[in-house]
Amino acid sequence: MSDNDRNWFITERSEALASLMLTSRSDVAVESENKKDDGADFVVAVNSTEGPPTRLFVVQVKGTTSSDKGQWTENVKQLYKQGPYYLPACVFVINVRSNEAAYAWVAEPEVVERGAKLNFFEHPDFHSLDRNAVDHIVNRVRQWYDAIPRSSKTQAT
């Protein structure tokens, strides 16, 4: 297998597995952003009950054949220098040999007393990525968006 074929396989397989994990929830829609190379592979919509989706977050997917988390960190470090981010953003790293997956926040949503904020990191802090982790990510994003109106009110006064 040539390097181009190998890279294509790793990219396609890792993005397919990431999409499958995300869309295992009925309230999530995934839009692929492969047309551009701007650091976003997916724009993920957490569907609201009415109107077009406005609760979005960004996922960058990195495929690998290595189980070495040190190598994963090296492969994603440029994401932590990009920005600014205005939406929650995370990176999914997927080992296409073992289907092992992990995620790390690049711009982590946080609910604070007066509303919502994004926390930015210089280095990834990987966590196991499974169905429960996807639920946790989506719930964090949903709570963050729920807190934004409080942020707007405090800034207006």
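A short reminder: the numbers here are calculations on the coordinates, not readings from a lab. Everything quoted here is computed from the prediction, not taken from an experiment. Ideal geometry is used to build each Cβ from the backbone, glycine not excepted, and the neighbour counts take in all protein chains shown.
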Quiz item: Between Phe126 and Asn47, how many nm apart are label points set 7 Å from Cα along the C-beta direction?
Solution: 3.3
Quiz prompt | Ordering of 136-148, 117-129 by burial proxy (mean other Cβ atoms within 10 Å per residue, highest first) | solution = 136-148, 117-129
